[in-house]
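Q: So that we are looking at the same thing, I have put the structure below in C-alpha cells.
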Amino acid sequence: MAFLTKRGITLMSPEERNMFFVTRRIEVDYVHELLVDDQIKIFTKIDHIGRTSVVFLQSIVCEKIGTTTTCKSVFVLLDSTTRLKMDIPEELCIKLLSEYLA
C-alpha cells in the first residue's frame with residue numbers, strides 16, 4: 001500500500017472508488033533468517049503490468065547479511081460493483097509507472 005500511496009494511488013479518489021486491487025497470488029522465498037533487532041529495508045518494484053493485473057517484486061534486505069526474503073505478488077484490479085476483473089485504466093498505469101517515466 002505504501003508503494004501505491006507514494007505514487008498518489010489511494011483508490012479512494014472519486015475516479016478510483018469504483019475499483020480495488022485484490023491479491024491473486026503470492027510467492028515467498030525465505031533465504032536467511034531475521035532476528036528481532038535486525039535492521040532491514042524493504043524494496044518494491046513493478047515486474048510487469050498486464051491488462052487486468054500488476055506483478056510486484058519485493059525483497060527484504062538486512063544490512064548485516066543481505067537479502068533475506070524475496071516475494072512475487074500478483075494483484076488483480078476488480079470493479080467494485082460487479083466484483084469482476086477490469087482493465088487497468090491508462091491513468092492508473094501512468095501513476096504506477098511514474099518513477100520509471102521521469
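The values are calculated or read from the model by the stated rules, or taken from the named source; none is laboratory data. The structure presented is a predicted model; accordingly, all values stated were derived computationally and were not measured. Heads up, the Cβs are rebuilt from the backbone with ideal geometry, glycines too, and the neighbour counts pull from every protein chain shown.
Q: Would you check if there is a residue in the stretch 36-48 being of a type in the set (D, E, K, R), surrounded by 13 or more Cβ atoms within 10 Å (Cβ to Cβ) and modelled with pLDDT under 95?
A: Among the residues of the stretch 36-48, at least one is of a type in the set (D, E, K, R), surrounded by 13 or more Cβ atoms within 10 Å (Cβ to Cβ) and modelled with pLDDT under 95, which makes the answer yes.
Q: If you don't mind, another one. Filter the stretch 4-35 down to the residues that are loosely packed, with under 14 Cβ neighbours inside 10 Å, modelled with pLDDT under 90 and of a type in the set (Lys, Arg), then identify the one that is farthest from residue 70 (Cα to Cα).
A: Restricting to residues being loosely packed, with under 14 Cβ neighbours inside 10 Å, modelled with pLDDT under 90 and of a type in the set (Lys, Arg), the top hit is 17.
Q: Looking at the stretch 53-78, which of its residues are out of contact with any strand residue (DSSP E or B) (no Cβ under 6 Å at 6 or more places or on another chain) and either among the basic types (Lys, Arg) or at pLDDT below 95 (or both)?
A: 63, 64, 65
Q: Could I ask something else about it? Please tell me if residue 81 is out of contact with any Lys or Arg (no Cβ under 8 Å at 6 or more places or on another chain), hydroxyl-bearing (Ser, Thr, Tyr) and either crowded, with 16+ Cβ neighbours inside 10 Å or under 24 Å from residue 9 (Cα atoms) (or both).
A: When the stated conditions are applied, residue 81 passes them.
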